[in-house]
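Each value in this text was obtained by applying a stated rule to the coordinates, not by laboratory testing. Bear in mind the structure is a predicted one, so any value in this text is a computation, not a measurement. Glycine gets a Cβ as well: all are built from the backbone with ideal geometry, and neighbour counts include every protein chain shown.
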Amino acid sequence: MTPPSSNPSTFTLRDGTPITLRLMVEADLPGLEWEGEYSHFRQLYREHYESACSGNMLIWVAVSPTGKIVGQVFLLLMARQPEVADGIHRAYLFSFRIRPEHRNQGLGSFMLSFVDVELKKRGFTSIRLNVARANSQARKLYERHGYHLIGPDPGVWRYIDNNGQWQTVREPAWKMQKKLD
């Protein structure tokens, strides 16, 4: 497998603000919490970061000139279920998020295109994701980028929160997939 690109990529927002897309480093973990909005995922983010360090995932963050994380995208390269991510041909995109004040400026499209290029470099031929059924804007973005629906997903998953308690998320979703040309 090709090592992750260490070269950051830059995108300029419509207002002229440059945003740097780069691989996540450990010091970024607190920034993923968005001033407490996502602190309940603290342990989960740590586990994902450790998985990225072992080569099972790729995590990129979009960073403003002030150092604030304004977006993120996680890629699972190998999952327990090979139909999700098999480590060779298919990867799974998740935790793709952009701060509201930076949406609708092309950053999401830039990040999705960047992910496509990085996966193609590694020989992947398809990418999967789940999108919440209630999130029609995200679904439209994915469809504009070549994703198509492959079926429903109950959207039930569990994690240990920042207080050490198991939490269950129920968010019905659509499974989507894209072939990488």
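For the reader, a short list of remarks on this structure follows.
- Charge-dipole axis of the chain as Lys and Arg at +1 and Asp and Glu at -1 on Cβ define it, positive-most pick from 30, 40, 84: 84
- With 23 Å as the limit, the listed pairs 68/178; 140/175; 68/179 have 68/178; 68/179 beyond it between alpha carbons.
- Helical segments meeting 18 Å axial Cα length and Kyte-Doolittle 0.5 threshold in the chain (DSSP H): 107-121
- Convex hull of region 94-165 built on C-alpha atoms - directionally averaged projected area, nm²: 6.8
- Local charge for residue 172 was computed over the other residues whose Cβ lies under 12 Å away, with Lys and Arg +1 and Asp and Glu -1, and equals +1.
- Dipole of region 55-167 [Lys/Arg +1, Asp/Glu -1 at C-beta], most positive-end residue of 105, 119, 148: 105
- For region 33-116, the C-alpha radius of gyration sits at 1.15 times the compact-globule guess of 2.2 N^0.38 Å, with N the residue count.
- Inverse mean reciprocal Cα-Cα distance (Kirkwood Rh) of region 9-179, Å: 16.6
- Separation of alpha-carbon centers, region 44-123 and region 9-34, rounded to whole Å: 12
- Neighbours of residue 22 by Cβ distance under 14 Å: Lys/Arg scored +1, Asp/Glu scored -1, total -2.
- Unit charges on C-beta of K, R, D, E only; dipole of the chain, Debye: 540
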